[in-house]
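One structure is given below, encoded as structure tokens.
The values are calculated or read from the model by the stated rules, or taken from the named source; none is laboratory data. The structure presented is a predicted model; accordingly, all values stated were derived computationally and were not measured. Because the Cβ atoms are built from the backbone with ideal geometry, glycine has one as well, and the counts that use them run over all protein chains shown. Heads up: the accessible areas ignore ligands, DNA and RNA and are worked out on the full protein's heavy atoms, side chains in. Shrake-Rupley method; radii C 1.70, N 1.55, O 1.52, S 1.80 Å.
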Amino acid sequence: MGKLFRPRPLYGGGGFMGGMGRLLQRLFFIKQRKKPINVEELRIAFRARYHHFKLLLTANNKALEIMAEMEEALRGTRPFGMSFVQGRCTTIFTNVWLIIKHLNELAPGKYEGLYNRFKEIQQDINSLIQQKGSAAEGPLVLPLESIEKEMADQTGSKIANLGEVKNRMHLNVSNGFAVTVRGYERFMEANDLSVEIDRRIQAADLGRPEQLYSLSADIQQLIIRSSLPEDLESAIYAEYQALEEKEGNGVSVAMRSSALGEDLPGISFAGQYRSVLNVRRENIFDAYKEVIAGKYGLPAMTYRLNRGIRDEDAAMCVACMAMVDAASGGVIYSRNPVNISDHAIFINAVWGLPKSVVDGTAASDLFVVSRDEPMKVLRKEILKKEIKYICYPSEGICRTEVTDDESGLPSLGDEQAAELAHLAVQMEEYYGVPQDIEWAITADGSIIVLQCRSLQQRELTNITDVETLPEKEQGSVIIRGGLTASPGTAAGPVTIVKKDVDSLRFPEGGVLVSSQSLPRWATLLNRAAAVVTEQGSVAGHLASVAREFGVPALFGVKGAIDLLKNEEWVTVDADGLRIYKGRIDALLKKQPEMKNLMEGSPVFETLKGAATHIIPLNLLDPSAPEFIPKSCKTLHDITRYCHEKVVEEMFSFGKEHSFPERSSKQLFCKVPMQWWVLNLDDGFQEEVKGRYVRLENIASIPMLALWDGITAVPWEGPPPVDGKGFMSVMFQATTNRALVPGVRSQYANRNYFMISKNYCSLNSRLGFHFSTIETLVSDRSSENYISFQFKGGAADDNRKHKRVLFVKDILEEHGFRVEVKEDNLIARMEGHEKEFIKLSLNILGYLTMHTRQLDMIMSNNASVQYYRSKINKDISGILSSQGKADKNPSLEARS
């Protein structure tokens, strides 16, 4: 450490004049015998080079950030739509093109081949992400008697299943017809809706609830204001007339959604689309548009976003069925939806139409029927049913009160329950999977199948015996009772939701508490830890989607809104029918890991396919013969190649020339590493003529602040590594040739400062660790900023990720805003006064040196605690030694 470090020059012979001539030929396209360019021209040329260099690095950082966002999305932590996929791809196209452009500006004509490789990769990606025009053929409408389950691609699975049940199983299904995919596309084409809707979706930030809410309302109004083309109107009206011949003149109809992809295995769309009931002939066209608009209702858009379903994959067909004036109705589950080992049949029933069962707005009766012959009711829960929905004589439906005499009576007789159970078993045997069936019974006792789909089941987790919990946790129960709508246990802060605007403030990980289990609350399930409602049944749409999303749900909890307080932390045990005060870790430990709902979906697969052309890095060894533009297989390869070459081009300017103010100089210092300094403008105190620059000649405020941190505490050397850590390093070094010293780039072995008086950019590779610091420090607080990126390591991915989290915690304690994506850390700070920024740079300089190789010990808790304590102590000493801690009150925030 005591000797000055003077490495041998990396360049060979050839003489100064030969090198100067070659450079001038390359940069300015003049022959060597022409008059040399003067210093001012060189200064202008260098500023232009620096300008393109800086813009290239900015584009490179943006491209890498987008790649990290894509990797994070593929891990399934957040839902995303096609607008995310297309938007991120467009952004990365733009930035990679800028990288190529600025590299070619630095070295005209030298890297033109990159444009062709970029275009080829871009075409491959566009073939995956660009919306493909539909080639739907066939009639605009189809009568139900001609529809079977194989026609789901024309009518949607809901109508296809009804056609199957009616025409092949010969069960009772209302007469009607379907407006097909072709009819939907005809309507959209006639009004140029697809392009306009796509434009609006692309322009919106779908991750912000308020923007999604506004977008939904705007698109629905756009559809409602559109007109049906004449040929579609004629086709619908002709089928309605045919229906009148079967059902009578002026027959009222139910207009029900039947989108492509609806009711597929694992994707229910339960209650997310729209139905319009009891519609008269003169309003059929308006009702059709209302159902189409429902595709862009907030629940449906949120559901598609969460499940990774592309907008173009959800063409909306519409069923137009003769309306059933039900005496009672409800939902049958041919198996227990929350206990896969329970083979009983579950029937939820109400007076009138089944609407109040599926939307959770009222109490319903429960009948549990045995599967074995003779079928009999094993258990029934008859609740007081205070309301029912019935058809208005003229049009529409109304909610009306149930008379006292009727409210307490069972909505089904035991024989009717057994008949419904037989129906459920028959349909399950036909389809081969458990069934979810919506039904109605007419005044004459006929059972009508309104719709059917596969039942999604979940298994109850092992119910924890309360007596096994610690005594203080046994006494923390706030509420007992209710029913398990979706199994599981979760904890979070209570958020009471009463109206739509409440959903805009719903927090990530909150416990949703509401009076009713309304389908529209399904928009919050991607953010909710659990759901608690005062009303609702297992058969409701919200319960179905909660089970699909794996969100614990406890329904029928009387007094929940009065007993639970906003922002109060609770643990919801849906299996044990209890809500506890606070977080009960003993209950939460049994929870299975949440599944990635988007995995396998069209949007997820589209991003996954695009990412194979973007993210993988194949160019690892800059010294290899195949490190050429033609070998770039991905956009990441192009950025890697360009980054390597831009450093080469930028620093060759100073290396090959010794002009007074713009040469690259090696720092003359007592640190046994290579540090090179490129003076961009006024970063030196005075002109430097030789190869070396001394520290006392550095005028750059930010570089000196970083250097104070770099040299403040001598590095103790690599931390002691256990066997696992050592083997992890050896494995990484043998499987990733980029980590082998023999194949590293000559530029990767150095550390580069580019400076002016107020600006500094440090690109550093210390061992296997990469960091970049860019900062501006001046007397104007509004201009001051620091940007820090940190990546790499020799250990496995898990240790590297833990190490960046370790660094993240330290930086956040000292006022940085930090993002972590995989093993890449990005930290920023801006707007602080000069002295505060300088002290922050001291910290970054220290961390650049002292977090090296800590990834290797990240699985050893004792070692982690030791280094965390040491780093905290060292940083406190650095801040104190600068003599600023008592002069700058804002520094109190650091401690």
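For the reader, a short list of remarks on this structure follows.
- Take the conditions (1) within 30 Å of residue 682 (Cβ to Cβ); (2) modelled with pLDDT of 90 or more; (3) basic (Lys, Arg); (4) open to solvent by 60 Å² or more (accessible area, probe 1.4 Å); residue 834 misses just one of them, which is (4).
- Screening residue 619 with (1) at pLDDT below 90; (2) out of contact with any Cys (no Cβ under 7 Å at 6 or more places or on another chain) gives one miss only, at (2).
- Meets criteria (surrounded by 19 or more Cβ atoms within 10 Å (Cβ to Cβ), in contact (Cβ under 8 Å) with a residue 24 or more places away in the chain and not hydroxyl-bearing (Ser, Thr, Tyr)) for residue 365: yes
- Condition met for residue 377 (in contact with a helix residue (DSSP H, G or I) (Cβ under 6 Å, 6 or more places away or on another chain), under 21 Å from residue 538 (Cα atoms) and surrounded by fewer than 21 Cβ atoms within 10 Å (Cβ to Cβ)): yes
- Residues that are under 18 Å from residue 298 (Cβ atoms) and modelled with pLDDT of 85 or more do not occur anywhere in segment 565-578.
- Residue check, residue 184 buried (at least 20 other Cβ atoms within 10 Å of the Cβ) and either out of contact with any Leu (no Cβ under 7 Å at 6 or more places or on another chain) or within 20 Å of residue 296 (Cβ to Cβ) (or both): yes
To keep it simple, each residue is scored yes or no on (1) in a helix (DSSP H, G or I); (2) open to solvent by 30 Å² or more (accessible area, probe 1.4 Å); (3) hydrophobic (A, V, I, L, M, F, W, C); (4) in contact (Cβ under 8 Å) with a residue 60 or more places away in the chain.
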position: 350; (1), (2), (3), (4): no, no, yes, yes
position: 389; (1), (2), (3), (4): no, no, no, no
position: 393; (1), (2), (3), (4): no, yes, no, no
position: 399; (1), (2), (3), (4): no, yes, no, no
position: 417; (1), (2), (3), (4): yes, no, yes, yes
position: 420; (1), (2), (3), (4): yes, no, yes, yes
position: 425; (1), (2), (3), (4): yes, no, yes, yes
position: 443; (1), (2), (3), (4): no, yes, yes, yes
position: 448; (1), (2), (3), (4): no, no, yes, yes
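- For residue 635, the conditions (1) modelled with pLDDT under 80; (2) open to solvent by less than 50 Å² (accessible area, probe 1.4 Å) are fulfilled apart from (1).
- Test: residue in segment 73-92 that is under 29 Å from residue 645 (Cβ atoms), open to solvent by 20 Å² or more (accessible area, probe 1.4 Å), of a type in the set (D, E, K, R) and modelled with pLDDT under 85: no
- Residue within segment 517-539 that is open to solvent by 10 Å² or more (accessible area, probe 1.4 Å), without any contact (Cβ under 8 Å) to a residue 12 or more places away in the chain and over 20 Å from residue 366 (Cβ atoms) present: no
- Any chance residue 361 is more than 21 Å from residue 173 (Cα to Cα), hydroxyl-bearing (Ser, Thr, Tyr) and in contact with a helix residue (DSSP H, G or I) (Cβ under 8 Å, 6 or more places away or on another chain): yes
- Criterion applied to 593, 605, 599 was being modelled with pLDDT under 90, open to solvent by 50 Å² or more (accessible area, probe 1.4 Å) and not in a loop (DSSP other than H, G, I, E, B), and the one residue passing it is 605.
- Of the residues making up segment 772-796, those that are of a type in the set (Asp, Glu) and at pLDDT 75 or above are 774, 779.
- Hey, residue 544 closer than 28 Å to residue 357 by Cα and among the polar types (S, T, N, Q) or not: yes
- Within segment 315-333, residues that are free of Cβ contacts under 8 Å to residues at least 60 places away in the same chain and closer than 11 Å to residue 180 by Cβ reach no partner that is surrounded by fewer than 24 Cβ atoms within 10 Å (Cβ to Cβ) and small (Gly, Ala, Ser) with beta carbons closer than 9 Å at six or more positions or on different chains.
- All conditions in (1) buried (at least 21 other Cβ atoms within 10 Å of the Cβ); (2) at pLDDT 75 or above hold for residue 821, with the sole exception of (1).
- Test: residue in segment 842-852 that is at pLDDT below 85, over 26 Å from residue 681 (Cβ atoms) and not in a loop (DSSP other than H, G, I, E, B): yes
- Some residue of segment 474-490 being open to solvent by 30 Å² or more (accessible area, probe 1.4 Å), at pLDDT below 85 and of a type outside the set (A, V, I, L, M): yes
- Residue within segment 248-266 that is β-branched (Val, Ile, Thr), modelled with pLDDT of 90 or more and surrounded by 21 or more Cβ atoms within 10 Å (Cβ to Cβ) present: yes
- Within segment 194-212, not a single residue is within 23 Å of residue 522 (Cβ to Cβ), in contact with a Gly (Cβ under 7 Å, 6 or more places away or on another chain) and of a type in the set (Gly, Ala, Ser).
- Flag: residue 280 matches the condition of being in contact (Cβ under 8 Å) with a residue 24 or more places away in the chain, charged (D, E, K, R) and surrounded by fewer than 24 Cβ atoms within 10 Å (Cβ to Cβ).
- Checklist (1) open to solvent by less than 10 Å² (accessible area, probe 1.4 Å); (2) more than 26 Å from the chain's Cα centre (by Cα) applied to residue 565, failing item: (1)
- Qualifying residue in segment 164-177 (condition: within 24 Å of residue 436 (Cβ to Cβ), assigned to a helix (DSSP H, G or I) and basic (Lys, Arg)): yes
- Meets criteria (in contact with a Leu (Cβ under 9 Å, 6 or more places away or on another chain) and closer than 29 Å to residue 433 by Cα) for residue 355: yes
- Number of positions in segment 417-449 that are of a type outside the set (A, V, I, L, M, F, W, C) and touching a Pro at 6+ places or on another chain (Cβ under 9 Å): 4
- The set of residues in segment 837-858 being open to solvent by 40 Å² or more (accessible area, probe 1.4 Å) and either within 31 Å of the chain's Cα centre (by Cα) or closer than 17 Å to residue 803 by Cα (or both) consists of 853 alone.
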